Amino acid sequence: GESVGLHLPTLSVQEGDNSIINCAYSNSASDYFIWYKQESGKGPQFIIDIRSNMDKRQGQRVTVLLNKTVKHLSLQIAATQPGDSAVYFCAEKVGGGADGLTFGKGTHLIIQP
Amino acid sequence: GAGVSQSPSNKVTEKGKDVELRCDPISGHTALYWYRQRLGQGLEFLIYFQGNSAPDKSGLPSDRFSAERTGESVSTLTIQRTQQEDSAVYLCASSPDRNQPQHFGDGTRLSIL
């Protein structure tokens, strides 16, 4: 039978456009959120993080937005480049809970030339 | 600079055998984590070490899984009597402490025949 896990959500954008990757997190007690980029055959690479006392944080070409009311996290990538093609994961950590991160299933970002 | 190093990068073994996976964290990082990533999925937390404190084993899926860490250095993840469902990429991460971003190695791809 078909495995849902093998069919990641896919976002296809033109090179040079901005990308927005969305993530719904599960636990209202989560107080730390982080985005990772994973290329094929590699481990996840840290992009940016945000704590629950903030609603926006900017890095180089990336911005993370946190909406605690609706438990939503987004990653914005400005001026997308071919090297941005990868699977992007959001992850959350519950304050006072287990020490590991809880990861989403990931979004595959494809850059069209 | 040296990142998280994992060995072996690939391991193929027969069902029922024991396997041992190794992780060298970034020097000076007191926190060390193990995760499992099945094909096309996000990461699942397995175990967390912080200095000389008792490890957080809340993510270990069965008593066939165990891990050790000596001080703030190398860690080994052992899987006894491997089963086909253990086939996955096993990823190790380290961070300066539990409140800082985790940095990942490239993982060990484990295949159980």
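The values are calculated or read from the model by the stated rules, or taken from the named source; none is laboratory data. Not measured: the values here are computed from a predicted model. Note: ideal-geometry Cβ built from the backbone for every residue, glycine included; neighbour counts use all protein chains shown.
Only residues that are assigned to a loop (DSSP other than H, G, I, E, B) and either over 14 Å from B:K11 (Cβ atoms) or out of contact with any Phe, Trp or Tyr (no Cβ under 7 Å at 6 or more places or on another chain) (or both) were counted in region B:91-113, giving 10. Among the residues of region A:1-10, is any in contact with a strand residue (DSSP E or B) (Cβ under 6 Å, 6 or more places away or on another chain), within 11 Å of another protein chain (Cβ to nearest Cβ) and closer than 16 Å to B:Q37 by Cβ? Within region A:1-10, one or more residues are in contact with a strand residue (DSSP E or B) (Cβ under 6 Å, 6 or more places away or on another chain), within 11 Å of another protein chain (Cβ to nearest Cβ) and closer than 16 Å to B:Q37 by Cβ.
When you check A:K68 against the structure, is it under 16 Å from the mean Cα position of the chain (by Cα), within 12 Å of another protein chain (Cβ to nearest Cβ) and either farther than 16 Å from B:Q102 by Cβ or not hydroxyl-bearing (S, T, Y) (or both), yes or no? Steps first, answer last, please.
On the way: under 16 Å from the mean Cα position of the chain (by Cα): yes; within 12 Å of another protein chain (Cβ to nearest Cβ): no; either farther than 16 Å from B:Q102 by Cβ or not hydroxyl-bearing (S, T, Y) (or both): yes.
So A:K68 does not fit the description; no.
Selection of region B:41-62 for residues being aromatic (F, W, Y) and either more than 10 Å from chain A (Cβ to nearest Cβ) or within 12 Å of B:Y90 (Cα to Cα) (or both) yields only B:F45. If I filter region B:13-22 for residues that are surrounded by fewer than 19 Cβ atoms within 10 Å (Cβ to Cβ), within 13 Å of chain A (Cβ to nearest Cβ), over 29 Å from A:L109 (Cα atoms) and touching a residue at least 24 places away in the same chain (Cβ under 8 Å), do I get at least one hit? Looking through region B:13-22, none of the residues is surrounded by fewer than 19 Cβ atoms within 10 Å (Cβ to Cβ), within 13 Å of chain A (Cβ to nearest Cβ), over 29 Å from A:L109 (Cα atoms) and touching a residue at least 24 places away in the same chain (Cβ under 8 Å).
In the list A:S52, A:S74, A:S40, A:S85, which residue meets the criterion of being within 14 Å of another protein chain (Cβ to nearest Cβ), touching a strand residue (DSSP E or B) at 6+ places or on another chain (Cβ under 7 Å) and either small (G, A, S) or free of Cβ contacts under 8 Å to residues at least 24 places away in the same chain (or both)? Give the derivation first.
Numbers: A:S74 fails: within 14 Å of another protein chain (Cβ to nearest Cβ); A:S40 fails: touching a strand residue (DSSP E or B) at 6+ places or on another chain (Cβ under 7 Å); A:S85 fails: within 14 Å of another protein chain (Cβ to nearest Cβ).
Matching residue, one of A:S52, A:S74, A:S40, A:S85: A:S52.
Residue check: A:G41 meets all listed conditions (1) at pLDDT 95 or above; (2) surrounded by fewer than 13 Cβ atoms within 10 Å (Cβ to Cβ) but one, namely (1).
Just one of the listed residues (A:Y88, A:Y32, A:Y25) is closer than 21 Å to B:D97 by Cβ and among the hydroxyl-bearing types (S, T, Y), namely A:Y32. Of the listed requirements (1) within 21 Å of A:K37 (Cα to Cα); (2) buried (at least 20 other Cβ atoms within 10 Å of the Cβ); (3) at pLDDT 95 or above, B:I26 misses just one: (2).
Count of region B:46-58 residues, restricted to those that are of a type outside the set (G, A, S) and touching a Ser or Thr at 6+ places or on another chain (Cβ under 7 Å), is 2. Total residues in region B:96-110 satisfying the condition of being over 14 Å from the mean Cα position of the chain (by Cα) and more than 8 Å from every other protein chain (Cβ to nearest Cβ): the figure is 3.
Please verify whether A:G95 is on the phi > 0 side of the Ramachandran plot, within 11 Å of another protein chain (Cβ to nearest Cβ) and out of contact with any His (no Cβ under 8 Å at 6 or more places or on another chain), treating the condition exactly as stated. No, not satisfied.
Is region B:73-94 home to any residue that is surrounded by 12 or more Cβ atoms within 10 Å (Cβ to Cβ), in contact with a helix residue (DSSP H, G or I) (Cβ under 9 Å, 6 or more places away or on another chain) and in contact (Cβ under 8 Å) with a residue 40 or more places away in the chain? Among the residues of region B:73-94, at least one is surrounded by 12 or more Cβ atoms within 10 Å (Cβ to Cβ), in contact with a helix residue (DSSP H, G or I) (Cβ under 9 Å, 6 or more places away or on another chain) and in contact (Cβ under 8 Å) with a residue 40 or more places away in the chain, which makes the answer yes.
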